[in-house]
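The values are calculated or read from the model by the stated rules, or taken from the named source; none is laboratory data. Just so it is clear, the structure is predicted and the values come from calculations on it, not from any experiment. Positions of Cβ are backbone-derived with ideal geometry, glycine not excepted, and every protein chain shown enters the neighbour counts. What goes into the accessible areas is simple: the full protein's heavy atoms, side chains included, and nothing from ligands, DNA or RNA. Shrake-Rupley method; radii C 1.70, N 1.55, O 1.52, S 1.80 Å.
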Amino acid sequence: MEAYPTELTAAAAFDAKRAVLSKRDMFRPLAVQRTEGLADALSGKKVRAETPLLVLERGGAALTLLTSQMIFHHVAQGEWNGTPFLATF
């Protein structure tokens, strides 16, 4: 049985032949301007405990995105711990 690679290369992760590109964006990307700790968002009642979330993990740190926002925008981008990121859904 072949092991899964621990890291995908850009060539393996993106097939340009499958891309649907147009001059007009159908959905505006979600530009993440600021973040807030999930515990604070829960205690401040900005997010309910049952709210569906997408969780990204990098180097032991987690970033959560609201699934409802990602359903509309499909792409979130910003800076996370000093490093640019892009997430798609």
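For the stretch 28-51, the tally of residues that are in contact with a strand residue (DSSP E or B) (Cβ under 8 Å, 6 or more places away or on another chain) and surrounded by 10 or more Cβ atoms within 10 Å (Cβ to Cβ) stands at 8. Checking each residue in the stretch 71-89 for being in a strand (DSSP E or B) and surrounded by 14 or more Cβ atoms within 10 Å (Cβ to Cβ) picks out Val75, Ala76, Gln77, Gly78, Trp80, Phe85, Ala87.
A quick yes/no check of all residues on (1) modelled with pLDDT of 85 or more; (2) touching a Leu at 6+ places or on another chain (Cβ under 6 Å); (3) on the phi < 0 side of the Ramachandran plot; (4) aliphatic (A, V, I, L, M):
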{"site": "Ser22", "(1), (2), (3), (4)": "no, no, yes, no"}
{"site": "Glu50", "(1), (2), (3), (4)": "yes, no, yes, no"}
{"site": "Phe72", "(1), (2), (3), (4)": "yes, no, yes, no"}
{"site": "Gln77", "(1), (2), (3), (4)": "yes, yes, yes, no"}
{"site": "Pro84", "(1), (2), (3), (4)": "yes, no, yes, no"}
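When you check Ser68 against the structure, is it part of a loop (DSSP other than H, G, I, E, B) and either among the hydroxyl-bearing types (Ser, Thr, Tyr) or open to solvent by less than 50 Å² (accessible area, probe 1.4 Å) (or both), yes or no? Considered against the rule, which asks whether it is part of a loop (DSSP other than H, G, I, E, B) and either among the hydroxyl-bearing types (Ser, Thr, Tyr) or open to solvent by less than 50 Å² (accessible area, probe 1.4 Å) (or both), Ser68 comes out as no. Do we find that Thr35 is touching a His at 6+ places or on another chain (Cβ under 8 Å) and not aliphatic (A, V, I, L, M) in this structure? In short, no.
Scan the stretch 17-40 residue by residue and report those that are aliphatic (A, V, I, L, M) and touching a residue at least 24 places away in the same chain (Cβ under 8 Å).
Applying the first criterion (aliphatic (A, V, I, L, M)) to the stretch 17-40 yields 19-21, 26, 30-32, 38-39.
Those that are aliphatic (A, V, I, L, M) and touching a residue at least 24 places away in the same chain (Cβ under 8 Å): Leu30, Ala31, Val32, Leu38.
For first residues located in the stretch 41-57 and within 26 Å of Pro84 (Cα to Cα) and part of a helix (DSSP H, G or I), partners that are open to solvent by less than 50 Å² (accessible area, probe 1.4 Å) and not charged (D, E, K, R) and lie 6+ apart or on another chain with Cβ distances below 6 Å form the pairs Ala41/Val47.
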